[in-house]
Amino acid sequence: MSEIVIQTPRVFAPLDRPARYKGAWGGRGSGKSHFFAERILLNHASKPGFRSVCIREFQNSLRESSKRLIEDKMGQLSLGESAGFSRRNDSILTPGGGIISFIGMQDANAESIKSLEGYQVAWAEEAATLSARSLSLLRPTIRAENSELWFSWNPRRKTDAVDALLRADIPPSDAVVIGANWRDNPFFPAVLEQERLDCMRMQPDQYPHIWEGEYARVLVGAYYALAINQARAEGRISNVRPDPILPIRLFFDIGGTGARSDACAIWAVQFVGREVRWLDYYEAQGQELSVHVAWLRERGYTPREAEIYLPHDGVQQDKVFNASYQGALQSAGYTVTVVKNQGAGAAKARIEALRRIFPSCWFNAETTEAGLDALGWYHERMDDARQIGLGPEHDWASHGADAAGMVAVVAEATMRDTGWSQGSFLSQAGSGRNENGYTRERAQQWMTGQR
């Protein structure tokens, strides 16, 4: 066979040295998939009997696999039957009894992927969708001498399994991970350049994620996508500090104890004049209440400084510890308010309430990033066949979003009860105090957010 010559963007050069883990992350048009597809073929062309597997989390058919791209590369590199390559319905046979296989990990288990133990390379395309379970199955299975695990992906969230593995502060030993975007690709085609410019003009909120490989800040179609983008544009996601005079309100979406329980989410906010200041966010799964209370005290949210709001199920007993959130938090010294059940349509009511108050919301960027991620992802569950909405999707984002919706419900009720409108609140204050005990001077401070 004649020597195969492939021109490769310089950004991928570090991936050509041997390493147990190889990763390339970035936006559209960087050539990540093309690089790994070519390297798969180079290995098979130069090493008779080489075995590799191309993996995706979801692969209901081979149309959803990397097979088409690899077959296109075979044509470009003249790797046909005369070179020992043969296409099959579910695989590609290669010289010396080698094979390129294609599998989806969603339905895999330890037994079903045992056949991969002798494979030298596993390439996970669209690796951002890989679950932690899939990674835990894959890593020990690909264990042949000098075997390698390859990953290519456009990042979504920093908590995705592949990012937690390869972009953590302490990555696994023997790992080479590079970032690559469209500007790193000398072969970037004109048609993609037009697509890139159109995206910049028509979807500016999505452009950093799609083309620059940044984490997705908002999901297209998410309930609060436009509101969050507007807040960023107006500088309301910045450095926000608490008012030292006013109490801090802690809004819970309660979780349970156990590996499969819902997460507990907490927003720390203040109502300051016409502003709602979102100061802090906390989320943990499967932990007992004492862990959450320890976080509150660590952050300075003591019973003297803060008051707690719980959803209606805060009075229910925990199945493991036989204690309610309300009773346990009151025993810890906190003032606790249980927000009544809003009945049918409560989720939609919370969504609309938060949308209404969002123009008055200010977020401390450093400490609320995870909560904003949840709000940016919270979206409608769709019936794709009928194209109708089925209500909010209950996933990782719903806990923080539910707690935020309760913030909005209580904020609006407080505004009504205390006369927070520009006219009524100040007119009630007059030259003395209004019915809630606020002087006109203090009322004006609340309206303007002055200290």
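The values are calculated or read from the model by the stated rules, or taken from the named source; none is laboratory data. Quick caveat, the model's predicted, so the values are computed rather than measured. Neighbour counts run over all protein chains shown; Cβ positions are idealised from the backbone, glycine included. Quick note on the areas: whole protein, heavy atoms, side chains included, nothing else; ligands and nucleic acids left out. Shrake-Rupley method; radii C 1.70, N 1.55, O 1.52, S 1.80 Å.
Below, the figures for the structure above:
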{"quantity": "Summed side-chain charge close to PHE251 - residues other than PHE251 whose Cβ falls under 12 Å, Lys, Arg +1, Asp, Glu -1", "calculated": "-2"}
{"quantity": "Pairs from LYS22/LYS114; LYS67/LYS158; LYS22/LYS47; LYS47/LYS158 whose Cα-Cα separation, in the structure shown, is over 30 Å", "calculated": "LYS47/LYS158"}
{"quantity": "Inter-label distance for ASP198 and ILE6, nm, one decimal - labels placed 7 Å from Cα along Cα-to-Cβ", "calculated": "3.0 nm"}
{"quantity": "Whole-Hz couplings from phi, Karplus 6.51/-1.76/1.60, listed for the stretch 199-210; x for Gly and Pro", "calculated": "5, 4, 7, 9, 9, x, 6, 9, 4, x, 6, 5"}
{"quantity": "Protection proxy ranking of 328-338, 366-376 - average other beta-carbon atoms within 10 Å, highest first", "calculated": "366-376, 328-338"}
{"quantity": "Cut-off under 5 Å, modelled amide H: who pairs with VAL276 long-range", "calculated": "CYS361, TRP362"}
{"quantity": "Cα gyration tensor of the stretch 90-201 - equivalent ellipsoid semi-axes, whole Å, descending", "calculated": "29, 19, 14"}
{"quantity": "Cβ-defined net charge surrounding GLN194, 13 Å radius [Lys, Arg +1; Asp, Glu -1]", "calculated": "0"}
{"quantity": "Shape category assigned to the stretch 31-100 from the gyration tensor of Cα positions, a/c cut at 1.5", "calculated": "prolate"}
{"quantity": "Sorted peptide list for 91-103, 402-414, criterion being average Cβ within 10 angstrom, highest first", "calculated": "402-414, 91-103"}
{"quantity": "Computed E for GLU305/SER261 - FRET, C-beta separation, R0 45 angstrom, nearest 0.05", "calculated": "0.95"}
{"quantity": "For the stretch 23-72, the Rg and Dmax computed from alpha carbons only, in angstrom", "calculated": "12.0, 34"}
{"quantity": "Karplus (6.51, -1.76, 1.60) ³J(HN,Hα), θ = phi - 60°, over the stretch 102-108, in Hz, Gly and Pro reported as x", "calculated": "9, 9, x, 8, 4, 9, 7"}
{"quantity": "Given (1) 27.2, 96; (2) 22.6, 73; (3) 20.8, 66, the label whose value is Rg and Dmax of the Cα atoms in Å derived from this model", "calculated": "(1)"}
{"quantity": "Cα centroid separation, the stretch 190-264 to the stretch 108-185 (Å)", "calculated": "26 Å"}
{"quantity": "5 angstrom amide H check on ALA24, placed H, neighbours 5+ away", "calculated": "PHE151, SER152, TRP153, ILE178"}
{"quantity": "With every protein chain in place, the stretch 1-65: carbon and sulfur % of accessible area (1.4 Å)", "calculated": "48 percent"}
{"quantity": "Where LEU390, LEU79 fall by accessible area, highest first, once all protein chains stay in place (1.4 Å)", "calculated": "LEU390, LEU79"}
{"quantity": "The chain, relative contact order in percent, only Cα pairs under 8 angstrom and at least six apart counted", "calculated": "14 percent"}
{"quantity": "Per residue, in Å², the accessible surface of the stretch 204-264 once ligands and nucleic acids are set aside, probe 1.4 Å", "calculated": "46 Å²"}
{"quantity": "Ranked packing of 264-277, 110-123, 48-61, most packed first, by mean Cβ within 10 Å", "calculated": "264-277, 48-61, 110-123"}
{"quantity": "Neighbourhood net charge (14 Å Cβ-Cβ; Lys/Arg +1, Asp/Glu -1) for TYR21", "calculated": "+3"}
{"quantity": "Sites ILE245 and ALA346 - FRET efficiency at Förster radius 22 Å, r taken between beta-carbons, to 0.05", "calculated": "0.10"}
{"quantity": "Length-normalised contact order for the stretch 19-128 - Cα pairs under 8 Å, 6+ apart - percent", "calculated": "36 percent"}
{"quantity": "Contour excess over end-to-end distance, with Cα ends at ARG381 and SER112 and 0.36 nm allotted per residue", "calculated": "93.7 nm"}
{"quantity": "³J(HN,Hα), Karplus 6.51/-1.76/1.60, whole Hz, each residue of the stretch 13-18, x for Gly, Pro", "calculated": "3, x, 7, 7, 8, x"}
{"quantity": "Residues whose placed amide H lies under 5 Å from that of GLY98, excluding near-sequence neighbours", "calculated": "GLY49, PHE50"}
